[in-house]
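Presented below is the structure to which this report refers.
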Amino acid sequence: MQKAVVSLIDDLDGSEAEVTVTFGYQGQEYEIDLNNTHAAEMRDKLGRFAAHARRVRAQRAGHAPTRTAASRQYSAEMRAWATEHGYAIKERGRVPVEVVQAYEEARQGGEAAGESSAESGTRRRRPAKKRR
């Protein structure tokens, strides 16, 4: 029978470490192995800033942000408009930039998804983009 022994080395000074600290900085996640003294020093210094910061939900790696119903409707209207105006467009996936530009120009000219804003009685607005 074999036994694996894992020992942590403090990444700052090479001494024996007791804890691995995970933290994020400028959109990147990091881990550092620290002894208790260095870990307390890090928590004290970062804690001052964290106390005044906003918490954000972590995004799961490899998962796209969730689309809203308004975003799906906007895409559906754009695809319908593109099909009616002779653009070859797939039912799924990213809409080509030239189609988006043409659709936006048509909307600004009063035509969106085959009807004018006067006919619909309302102006359609593009959903706001999510900030990352």
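Each value in this text was obtained by applying a stated rule to the coordinates, not by laboratory testing. Since this is a predicted model, take the numbers as computed values, not measurements. Counting neighbours? That spans all protein chains shown, and the Cβs are built from the backbone with ideal geometry, glycine included.
Amide H of Ile9 versus every other amide H placed in the peptide plane: which residues, excluding those fewer than 5 positions away on the same chain, fall under 5 Å?
Ala17
Under the Karplus relation 6.51 cos²θ - 1.76 cosθ + 1.60, θ = phi - 60°, what is the ordered set of whole-Hz ³J(HN,Hα) values for the stretch 17-34, x standing for Gly and Pro?
The phi angles translate into 9, 10, 8, 9, 9, 9, 8, x, 8, 6, x, 10, 8, 10, 10, 9, 8, 9 Hz.
Give a residue-ordered list of calculated ³J(HN,Hα) values for the stretch 86-99 (Karplus: 6.51 cos²θ - 1.76 cosθ + 1.60, θ = phi - 60°; whole Hz; x for Gly, Pro).
x, 7, 7, 9, 7, 6, 10, x, 5, 7, x, 4, 5, 6
Are there GluC sites (Glu not before Pro) in the stretch 3-41 that DSSP marks as loop and that have at most 16 other Cβ atoms within 10 Å, and which are they?
Within the stretch 3-41, the qualifying GluC sites (Glu not before Pro) (loop, at most 16 other Cβ atoms within 10 Å) are Glu18.
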